[in-house]
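The structure under discussion appears below in the form of C-alpha cells.
Since every read-out is calculated from the coordinates, none of them should be taken as a lab result. Being a predicted model, the structure only gives us computed values, none of them experimental. Cβ placement follows ideal geometry from the backbone for every residue including glycine, while neighbour counts extend to all protein chains displayed.
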Amino acid sequence: MKSILIAVVCASSLMAASPEVGNYMQQLQTEASEPFDAARGEALFTAEQIGKKGTKIACTSCHGSDLTQKGKNVNTGKIIDALSPGANPARLTSLKEVKKWLRRNFKDVYNREGTAQEKGDVLTYIMQYR
Ligand code: HEC
C-alpha cells in the first residue's frame, strides 16, 4: 500500500509540468552531457553571484529559499508568487514564460544565459521541490 502511495505521489510531481515544458526538458537533456540533477539545480539556485548590477544576488534573492512560499523581487519590491508547482499549479506550465524568465533571470544572476545542463538541472529542482 505504501509503495502504491509513493508511486502516485511521484507520478503527480512529474505531471506538474505541462507536456510542452516536459518536451522542452527532454530536448534540453539531449543537449546536456549529464542526466539532470535536482541537487545541482539547488546549488545553482542558491549560490550567490555578483550579478548584472554588480551586487551580490542569487535566484533566492527574489524567489526566497522556500519555494512553496511567495518571494519578493529585490529590484522592484513586488511580491512574486511561489515558484514550486506543488504550491502554485500554474508554474512550469507555459513554455513561453519558462524560456523568457530563465533567459532573463540567468542574466540577472549569472550575467549570461544558462546552458542546457543548467536550465534542466534548475527546472528539475523546482519541479521536485517539496
Ligand atoms: C531580480 C529578481 C529575480 C531573480 C534574481 C530571479 N528571478 Fe526568476 N522570476 C522573477 C520574476 C519577476 C518572475 C516572473 C513573475 C512570476 O512568474 O511570478 C520570475 C519567474 C521565474 C520562472 C518562471 C516560472 C513559471 O513557469 O511561471 C522561473 C523558472 C524562474 N523565475 C527561475 C529563476 C532562476 C533559475 C533564477 C536564478 C538563475 C531566478 N529565477 C532568479 C524574478 C527573479
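General remarks:
- Taking the criterion of being in contact (Cβ under 8 Å) with a residue 12 or more places away in the chain and within 26 Å of Lys53 (Cβ to Cβ), the residues of the stretch 76-86 that qualify are Ile80, Ala82, Leu83.
- For the stretch 101-114, the tally of residues that are more than 6 Å from the ligand (Cβ to nearest atom) and loosely packed, with under 15 Cβ neighbours inside 10 Å stands at 6.
- When the criteria are applied in full, Leu28 fails the requirement of being within 13 Å of the chain's Cα centre (by Cα) and either of a type in the set (A, V, I, L, M) or in a loop (DSSP other than H, G, I, E, B) (or both).
- Summed over the stretch 82-100, the residues that are part of a loop (DSSP other than H, G, I, E, B) and surrounded by 13 or more Cβ atoms within 10 Å (Cβ to Cβ) give a count of 11.
- Filter pass, Val98 being within 8 Å of the ligand (Cβ to nearest atom) and more than 13 Å from the chain's Cα centre (by Cα): no
- Conditions (1) out of contact with any Ser or Thr (no Cβ under 9 Å at 6 or more places or on another chain); (2) in contact (Cβ under 8 Å) with a residue 24 or more places away in the chain; (3) surrounded by fewer than 18 Cβ atoms within 10 Å (Cβ to Cβ): number failed by Glu118: (3)
- Scanning the stretch 33-73 for residues that are aliphatic (A, V, I, L, M), surrounded by fewer than 17 Cβ atoms within 10 Å (Cβ to Cβ) and in a loop (DSSP other than H, G, I, E, B) yields one hit, Ala47.
- The C-beta contact set for the stretch 87-106 (first residue on the phi < 0 side of the Ramachandran plot, second residue assigned to a helix (DSSP H, G or I) and of a type in the set (Val, Ile, Thr), distance under 7 angstrom, 6+ apart or interchain) comprises Thr93/Val21; Leu95/Val21; Val98/Val21.
- Selection from the stretch 56-93 of residues that are within 20 Å of Asp121 (Cβ to Cβ), within 6 Å of the ligand (Cβ to nearest atom) and of a type in the set (S, T, N, Q): Ser61
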